[in-house]
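Chemist: Sharing a structure here in structure tokens format.
Please treat every number below as a calculation from the coordinates, not as lab data. For clarity, every value in this text was computed on a predicted model and none was experimentally measured. A quick note on method: Cβ atoms are made from the backbone with ideal geometry, for glycine too, and the neighbour counts reach across all protein chains shown.
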Amino acid sequence: MTLRDRAFAKLNLCLDVGEKLPDGYHAVRGIMQSTDFCDEVLLTPGEGPWRVESGLSYLPSGETNLAARAALHFRKVTGLGPAGGRITLHKRIPVCGGYGGGSSDAAAVLRIMNRLSGNPLRWEELEEISLPLGADVPFCIRGGTALAEGKGERLTPLPDFAGRALVLCRPDFSCSTPQLFQALDKRKIRIRPDVAGMRRAAEEGDTAGVARRLFNVFEEGLPKKQRDAVWEIRNALLGAGALGAAMTGSGSGVFGLFPDGDAAEEACRVLGELGVEAHPAQTTGRLV
């Protein structure tokens with residue numbers, strides 16, 4: 001028996017970074033948003049250890065893969081579900097792009113393991129047990145729109161901001177999250193996102209208000225060459241009709257919010273002609 005689920009890419013509509021916490025992590029605050037751009041995750045129980053198939057040679061195929069770790073973690077916490085088998089990832093979300101692909105794949109595995117076990121855990125409990133797998137995983141369990149605080153795990157669900165047109169871009173380089181945190185520690189951050197204003201705009205369904213407030217403080221910490229590349233794509237999105245654009249997560253993915261799907265499709269064509277990987281998408285609501 002094979003069960004499947006979709007793993008939805010996430011965006012940071014705005015993201016701020018605060019002081020380092022006693023445990024070495026940084027406090028973050030921002031608005032997170034799920035999209036319909038997704039991987040497909042298939043899980044087949046079987047004998048032996050977990051094997052992960054993705055078609056990508058640089059991703060682990062054994063139990064160090066985050067998707068396999070999610071299956072092992074669910075069984076460790078609950079004592080339920082298969083002890084091994086095969087997990088197949090049909091990857092669409094860019095790897096190391098700030099779109100939370102690995103976290104979302106892990107969240108999908110947890111949802112599948114819960115279904116296989118007769119749904120012993122409520123959604124809130126799934127979110128709670130998922131935190132050791134990564135700060136973004138709790139959000140990826142249900143998605144939608146949420147205020148994220150703490151290390152990103154303290155979630156306040158907001159009204160759905162669904163159905164807005166997007167373009168998701170992937171530059172041809174990756175960013176180092178630890179190096180970006182270190183860079184921000186060494187500098188005075190000049191501009192911070194308007195998280196409260198973004199929250200109000202999202203709650204009111206104000207697309208233009210959300211677009212005006214798209215901002216990611218991590219852009220401040222990028223090395224100049226990478227920052228220039230991110231801003232070049234951001235400016236290209238704005239030139240192609242985006243209402244606003246920003247980097248997501250710790251990068252290097254850049255996204256734009258568009259007035260409608262036709263505008264987003266046309267922007268993908270324009271970005272493609274510039275040699276930029278670009279995908280149309282939409283914002284989505286919570287799974288429940």
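Chemist: To make sure I understand the rule: partners must be lysines, Cα under 21 Å from the Cα of Lys76, and not fewer than 8 residues away in the same chain. Which ones qualify?
Modeler: By straight Cα distance, Lys76 reaches no lysines at all.
Chemist: Then there's this: Going toward the positive end of the dipole of segment 3-158, with +1 on Lys and Arg Cβ and -1 on Asp and Glu Cβ, which of Val109, Cys14, Val95 do you reach last?
Modeler: Going by the charge dipole, the pick is Val109.
Chemist: Summing +1 for each Lys or Arg and -1 for each Asp or Glu, what net charge is found among the other residues whose Cβ lies under 12 Å from the Cβ of Gly261? Please list the in-between numbers first.
Modeler: Values: positive: Arg164; negative: Asp36, Asp260, Asp262, Glu265, Glu266.
Residues close to Gly261 contribute a combined charge of -4.
Chemist: Amide H of Arg51: which non-local residues (sequence gap of 5 or more, or other chain) have their own amide H closer than 5 Å, using H built in the peptide plane?
Modeler: Result for Arg51 returns Gly85, Arg86, Ile87.
Chemist: Which entry in (1) 1.50; (2) 1.19; (3) 0.98 is this structure's computed Cα Rg over 2.2 N^0.38 Å?
Modeler: (3)
Chemist: So how far apart, in nm, are the two label points at Thr44 and Glu265 if each is 7 Å from Cα heading toward Cβ?
Modeler: Roughly 3.6 nm, to one decimal.
Chemist: On to the next question. Would you compute, for the Cα atoms of segment 99-213, the largest minus smallest coordinate along each principal axis and list the three values in descending order, in whole Å?
Modeler: Reported extents, whole Å, longest axis first: 49, 36, 29.
Chemist: What is the chain's relative contact order, in percent, from Cα pairs under 8 angstrom and six or more apart in sequence? Don't skip to the end; give the middle numbers.
Modeler: Numbers: 669 pairs, mean separation 66.9, N = 288.
That works out to 23 percent.
Chemist: What ranking, highest mean first, results for peptides 228-235, 279-286, 34-41 when packing means the other Cβ atoms within 10 Å averaged over each residue?
Modeler: Put in order of decreasing packing, that is 34-41, 279-286, 228-235.
Chemist: Under a straight-distance cross-link criterion of Cα-Cα below 26 Å, which lysines are reachable from Lys225, leaving out those fewer than 8 residues away in the same chain?
Modeler: Lys10, Lys186, Lys188
Chemist: Between Arg86 and Leu287, with labels modelled 7 Å along Cα→Cβ, what's the label distance in nm to one decimal, could you check?
Modeler: If labels sit at Arg86 and Leu287, their model points lie 2.3 nm apart.
Chemist: Counting helices only, and only those DSSP H runs with n ≥ 4, report the 222 nm mean residue ellipticity of the chain as the sum of -39,500 (n - 2.57) divided by its residues, in deg cm²/dmol to the nearest 500.
Modeler: -10000 deg cm²/dmol
Chemist: Over segment 3-158, what is the relative contact order in percent, taking alpha-carbon pairs closer than 8 angstrom and at least six residues apart?
Modeler: About 28 percent, as a whole number.
Chemist: For the modelled label position 7 Å from the Cα of Ala27 along Cα-to-Cβ, which residues of segment 140-171 have backbone nitrogen atoms closer than 16 Å?
Modeler: 148-155
Chemist: Which percent of Cα-Cα pairs in segment 165-282 sits in each 5 Å bin, short to long?
Modeler: Over segment 165-282, the share of Cα pairs per 5 Å bin runs 2, 12, 21, 22, 19, 14, 7, 2, 0 percent.
Chemist: So for segment 3-158, what are the equivalent ellipsoid semi-axes in whole Å, largest first, each being the square root of 5 times an eigenvalue of the Cα gyration tensor?
Modeler: 25, 17, 14
Chemist: Given +1 on the Cβ of Lys and Arg, -1 on the Cβ of Asp and Glu, and no further charges, what dipole in debye does the chain carry about its Cα centre, rounded to the nearest 20? Before the final figure, lay out the partial values.
Modeler: Working: 35 positive and 35 negative charges, 116 e Å.
The calculation lands at about 560 debye.
Chemist: Sticking with this one: Would you kindly derive the ³J(HN,Hα) couplings of segment 47-62 from the backbone phi angles with the Karplus curve 6.51 cos²θ - 1.76 cosθ + 1.60 (θ = phi - 60°), listing them in order in whole Hz, with x for Gly and Pro?
Modeler: 8, x, x, 6, 10, 10, 10, 10, x, 10, 5, 8, 9, x, 9, x
Chemist: Further, regarding this structure: How would you rank 251-264, 100-113, highest first, on the average number of other Cβ atoms within 10 Å across their residues?
Modeler: Ranking, from highest mean packing down: 100-113, 251-264.
Chemist: Among Thr64, Thr248, rank each residue by its count of other Cβ atoms within 10 Å, from fewest to most, as a rough exposure measure.
Modeler: Thr64, Thr248
Chemist: So which aspartates and glutamates can Lys224 reach, going by Cα to Cα under 13 Å and dropping same-chain residues fewer than 8 places off?
Modeler: Glu232
Chemist: To continue, here is another question. Compute the separation of the alpha-carbon centres of segment 163-233 and segment 69-142 and state it in Å as a whole number.
Modeler: 26 Å
Chemist: Now for a separate question. How high is the relative contact order of segment 169-288, in percent, with contacts defined as C-alpha pairs under 8 Å that are six or more residues apart?
Modeler: This gives 29 percent for segment 169-288.
Chemist: Here is a follow-up. With springs only between Cα atoms under 10 Å, which of Gly79, Gly24, Gly275 fluctuates most in a Gaussian network model of the chain?
Modeler: Gly24
Chemist: Another question about this same structure. Which of the helices in the chain meet the span-like rule: DSSP H, Cα axial reach of 20 Å or more, Kyte-Doolittle mean at least 1.6? Let's see the in-between values first.
Modeler: Details: long enough: 101-116 (22 Å, 0.33); 224-239 (22 Å, -0.76).
Result, helices passing both filters: zero.
Chemist: If you don't mind, there's one more thing I want to ask. How do the peptides 121-130, 134-143, 42-51, 85-94 rank, highest first, by the average count of neighbouring beta carbon atoms within 10 Å per residue?
Modeler: Listed from highest to lowest mean packing, they are 134-143, 85-94, 121-130, 42-51.
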